[in-house]
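Worksheet: one structure, shown below.
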Amino acid sequence: MRNKFDFRVLLVFILITVLMFIGVLRLYKISTDTKLAARQYSNSFRLKLGNIRGSIFDKDLNAITNNSFKYVAVVSPTPLGISAISAYLAEDERLKDATDTLRAGKPVAVMVDNEIESPAIKCVKIYDNTVENYYPAQLIGYTDAQNHGVSGIEAAYDDLLFTDTSIDAVYAMDTFGNVLNGVECEILGDTSLYKSGIALTIDSGIQKATEKAMQGVSCGAAVVSEVGSGKIRAMVSNPNFEIGNVAEYLEKENSPLVNRALSSYNVGSAFKPCVAAAMLENGTENYSIYCSGSAEIDGHKFSCHKKSGHGWVNLCEALTQSCNVFFYNISNILGADKVYNAASIFGFGKEIDLGGIKTAAGSITERQRLSSSSTALANLSIGQGELLLSPVSIIPLYEAIANGGVYYMPTIIEGTVNKGVLSEKKQSVPTYAFSKNTAEILRKHLINVVENGTGKAANPTLCTAGGKTATAETGWRKNGELIQNSWFCGFFPADNPKYIVAVLIEDEKANGTAGAPIFKKIADEIMQLSIK
């Protein structure tokens with residue numbers, strides 16, 4: 001009897017254990033099925049929190065867009081959720097709509113300033129693809145209501161940056177369409193897409209330094225390019241605009257939406273080094289010309305900016321004092337073909353594809369017209385007439401001077417980014433514009449411009465530099481006064497140039513040197529970065 005009793009006890013124990021195991025399995029299955037239900041459209045309530053768009057990065061993969069976020073509070077339809085969001089919103093006008101929805105058994109998403117501590121609320125970070133008052137809005141561009149790029153890099157690389165992926169809060173529902181109690185929502189959405197996109201050649205430190213130097217310039221542009229690569233490290237266009245509020249700027253004075261760094265302008269004397277290069281390449285280095293203050297060409301009087309004249313000047317002195325008469329005469333000696341060829345080496349008069357975005361083509365007087373008109377050639381020799389270039393377009397000329405006669409076409413694209421990994425764009429092929437000897441002579445002459453000539457105001461405090469001032473007549477009038485543009489184009493440090501800078505200031509009524517102190521500020525601000 002004892003053995004039979006022990007066997008029954010054992011049998012009961014085994015039976016109870018099996019039943020408990022089955023119960024645990026059923027509970028696990030219910031829990032698993034509930035979680036899986038949250039992933040099924042037919043058995044879930046999906047609350048869209050925001051769209052995901054790829055990012056635009058600087059050269060070091062610091063996010064330019066998607067670099068700030070906002071919190072969205074996802075509130076569960078429970079008494080605790082209603083209580084928590086009511087305490088947070090208090091007298092906010094959104095409170096009634098939120099609580100009405102929650103009492104109806106549906107979750108809500110509410111934009112909040114900070115995280116809310118509550119087991120009934122899950123706060124989610126939603127990154128914002130707009131950027132304001134930091135990087136050049138004209139370069140970055142903006143998106144429309146459908147999250148597609150409209151302008152700038154956003155438009156040029158919309159196929160890469162746009163996604164149809166959203167961040168959603170998903171709640172499991174029962175067969176009656178009610179949100180399951182006690183089951184947390186799941187946040188779905190591939191947030192790794194934030195770490196993918198396009199990387200620009202922009203250096204954020206140099207960009208900030210250039211923006212700081214350009215403060216106070218109401219209309220103008222500045223571009224900083226790296227010697228030996230053509231990579232644009234900074235691009236500023238004033239006035240700027242707020243990407244998140246584009247409509248406000250559509251009719252504003254001075255056209256904030258225009259990227260002046262890519263737009264074409266009358267150039268003036270910043271073009272003279274191009275004629276000087278043609279002179280050196282064709283063996284006329286030792287010419288001296290007498291400047292009386294004007295020159296007569298085909299019966300037309302062409303003036304120098306110094307009415308009393310410069311006297312006898314050679315190439316170095318002509319560049320240092322920006323003598324127009326010297327260049328009128330030297331272009332006539334060289335002839336139209338040699339001047340035109342010197343300019344065409346740099347692609348003047350053609351658009352530059354920076355990598356998805358392009359400069360304006362600008363213009364240059366046609367070869368045939370230069371050959372048949374001495375006055376057209378004289379105008380071109382000092383950067384006037386039909387010559388129009390953008391601040392970006394003139395950079396190759398100054399890089400060739402600073403880089404032994406070789407330049408790289410400007411680019412703004414560092415490469416593509418996939419989940420934080422950069423695939424660099426292949427570097428452009430170098431162009432040999434003129435001899436190393438010509439480059440060395442011009443480099444020394446342009447250093448002299450800054451140290452002893454019209455460009456003294458451009459002389460940096462923290463390094464040496466070379467460059468050229470320019471006053472460009474536009475032919476337009478404003479309030480009865482002629483409109484002029486002021487330029488300064490140059491390089492620094494002088495002995496081992498690392499950067500090319502082109503500065504343009506629109507509608508400048510000074511003597512053409514207004515761009516020089518801006519160049520000085522840019523050079524000093526950038527050099528200060530290396531000291532830090």
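The values are calculated or read from the model by the stated rules, or taken from the named source; none is laboratory data. Quantities reported herein were computed from a predicted structural model and do not represent experimental measurements. Every residue, glycine as well, gets a Cβ built from its backbone with ideal geometry; the counts of neighbours run over all protein chains shown. In case anyone asks, the SASA skips ligands and DNA or RNA and just uses the protein heavy atoms, side chains included. Shrake-Rupley method; radii C 1.70, N 1.55, O 1.52, S 1.80 Å.
Details
- Viscosity 1.306 mPa s, temperature 10 °C, Stokes-Einstein D of the stretch 57-166 from Kirkwood C-alpha radius, µm²/s: 98
- Whole-Å distance, taken between Cα centres, linking the stretch 369-430 and the stretch 84-105: 59
- Each residue of the stretch 496-502 was assigned a 3J(HN,Hα) from its phi angle through the Karplus curve 6.51 cos²θ - 1.76 cosθ + 1.60 (θ = phi - 60°); the sequence is 9, x, 10, 9, 10, 10, 10 Hz, with glycine and proline shown as x.
- Start at zero, step by 5 Å, and the Cα-Cα distances of the stretch 40-81 spread as 5, 15, 16, 16, 14, 11, 10, 8, 4, 1 percent across the bins.
- Mean residue ellipticity, 222 nm, helices only, the chain: the sum of -39500 (n - 2.57) across DSSP H runs of n ≥ 4, divided by residue count and rounded to 500, is -9500 deg cm²/dmol.
- Other residues with beta-carbon under 11 Å from the beta-carbon of residue 360 carry, at +1 per Lys or Arg and -1 per Asp or Glu, a net charge of +2.
- Pair residue 70, residue 282: separation of 7 Å Cα→Cβ label points (nm): 6.2
- Bins of 10 Å from zero: percent of alpha-carbon pairs in the stretch 294-424: 11, 33, 31, 14, 6, 4, 1
- Zone of residue 351's modelled label, taken as backbone nitrogen in the stretch 377-410 under 15 Å from a point 7 Å along Cα→Cβ: 390, 393
- Heavy-atom surface analysis with a 1.4 Å probe gives the stretch 337-480 a carbon and sulfur content of 47 percent of its accessible area.
- Placing unit charges on the Cβ atoms only, positive for Lys and Arg and negative for Asp and Glu, gives the chain a dipole magnitude near 1100 debye about its Cα centre.
- With the simple spin-label model, which puts each label point 7 Å out from Cα in the Cβ direction, the residue 366 to residue 62 separation comes to 4.9 nm.
- Paramagnetic reach from residue 451 in the stretch 483-503 [backbone N under 11 Å; point 7 Å along Cα→Cβ]: 494-495
- Dividing the mean sequence gap of close Cα pairs (under 8 Å, 6+ apart) by how many residues the chain holds gives a relative contact order of 14 percent.
- Working from label points 7 Å from Cα in the Cα-to-Cβ sense, the residue 146 to residue 92 distance is 3.1 nm.
- For the stretch 261-281 versus the stretch 195-233, the gap between their alpha-carbon centres in whole angstrom: 22
- Area projected by the alpha carbon convex hull of the chain, averaged over all directions, nm²: 37.1
- At a probe radius of 1.4 angstrom, the accessible area of the chain per residue rounds to 47 square angstrom.
- Membrane-span-like helices in the chain, defined purely by DSSP H runs whose alpha carbon atoms cover 18 Å or more axially and whose average Kyte-Doolittle hydropathy reaches -1.0, are 2-37, 436-452, 515-531.
- Within-10-Å neighbourhood charge of residue 266 [Cβ basis; K, R +1; D, E -1]: -2
- Residues of type lysines that residue 338 reaches as a straight line, Cα spacing below 19 Å, ignoring anything fewer than 8 places off in the same chain: 272, 350, 436
- About the Cα centre, charge dipole magnitude for the stretch 324-390 (Lys/Arg +1, Asp/Glu -1 at Cβ), debye: 80
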